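Step one of this worksheet: look at the structure below.
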Amino acid sequence: MIPPVIDVGCGPGRHVIALSRRGVSAVGLDVTPFVVRLARSRGARVISGSIFESVPGEGIWATALLLDGNIGIGGNPDALLRRLAALVRPGGRLLVELHPTAGATAIDRVRMTCGTSTGPWFRWASVGVDSIDSLARDIGLHLAATWFDGQRCFAQIDTPLHG
């Protein structure tokens with residue numbers, strides 16, 4: 001059975017673990033081997049791989065999470081949201097964390113640094129709260145709600161009931 005929630009770019013698995021503690025079946029997905037091992041060691045169920053490759057349960061997940069700025073994955077929010085819309089079942093939802101200030105989508109090149117280790121450059125996007133409605137609408141999705149929790153901003157984007 002495929003769990004109802006997939007956390008894309010789950011990192012160390014804190015959202016997967018928190019959902020599981022609340023009785024919600026969830027699985028994480030991450031491309032970074034170190035964080036996959038870390039999440040699993042903490043008890044999170046995690047799939048190792050990229051959202052842009054084959055993912056178990058495509059088309060039947062109820063909810064996909066893009067938290068902690070993960071709408072930036074791949075540097076192309078349009079392609080990422082299209083991919084997530086195909087990953088969830090008809091009428092499924094995407095819960096997305098946005099940049100809390102107004103502004104258009106920005107594409108940057110970034111890299112991760114941990115201690116003395118620095119990774120390769122990669123594309124990363126930032127989507128402002130004022131940009132998500134048109135981004136969702138342009139690809140046939142519906143912005144159901146946006147809200148703030150302190151300084152953080154979130155959106156619920158619903159997929160069509162029929163393809």
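The values are calculated or read from the model by the stated rules, or taken from the named source; none is laboratory data. These numbers were taken from a predicted model, which means no experiment stands behind them. In this analysis, Cβ positions are derived from the backbone assuming ideal geometry, glycine residues included, and neighbour counts consider all displayed protein chains. To get the accessible areas, we keep the full protein, side chains included, count just its heavy atoms, and leave off ligands, DNA and RNA. Shrake-Rupley method; radii C 1.70, N 1.55, O 1.52, S 1.80 Å.
Taking the criterion of being outside any strand (DSSP E or B) and touching a helix residue (DSSP H, G or I) at 6+ places or on another chain (Cβ under 6 Å), would at least one residue in segment 13-26 satisfy it?
In the first step, residues of segment 13-26 are kept if they are outside any strand (DSSP E or B); the result is 13-25.
In the following step, the residues that additionally are touching a helix residue (DSSP H, G or I) at 6+ places or on another chain (Cβ under 6 Å) were identified as 13.
Looking for residues that are outside any strand (DSSP E or B) and touching a helix residue (DSSP H, G or I) at 6+ places or on another chain (Cβ under 6 Å), one finds at least one in segment 13-26, hence yes.
Quick check on my filter: what residues within segment 31-48 are in a strand (DSSP E or B) and either open to solvent by less than 20 Å² (accessible area, probe 1.4 Å) or modelled with pLDDT under 95 (or both)? Break it down stepwise before answering.
Residues of segment 31-48 in a strand (DSSP E or B): 46-48.
Within segment 31-48, Val46 is the sole residue that qualifies.
In segment 99-130, which residue that is under 14 Å from Asp78 (Cα atoms) and either among the aliphatic types (A, V, I, L, M) or not in a strand (DSSP E or B) (or both) is modelled with the lowest pLDDT? Reasoning before the result, please.
Just the residues of segment 99-130 that are under 14 Å from Asp78 (Cα atoms), to begin with: 104-107, 123-128.
Subset that is either among the aliphatic types (A, V, I, L, M) or not in a strand (DSSP E or B) (or both): 104-107, 125, 127.
Details: Ala104: 63, Thr105: 73, Ala106: 74, Ile107: 76, Ala125: 83, Val127: 89.
Selected residue: Ala104.
Mind checking which residues of segment 2-28 are on the phi > 0 side of the Ramachandran plot and free of Cβ contacts under 8 Å to residues at least 24 places away in the same chain?
Gly23
I'm trying to understand the selection: among the residues of segment 52-84, which are more than 21 Å from Ser134 (Cα to Cα), open to solvent by 10 Å² or more (accessible area, probe 1.4 Å) and of a type in the set (A, V, I, L, M)?
Result: Ile60, Ala62.
Whether any residue in segment 85-98 is modelled with pLDDT of 95 or more, within 16 Å of the chain's Cα centre (by Cα), open to solvent by 50 Å² or more (accessible area, probe 1.4 Å) and closer than 29 Å to Gly150 by Cβ is what I want to check.
The answer is yes; a qualifying residue exists.
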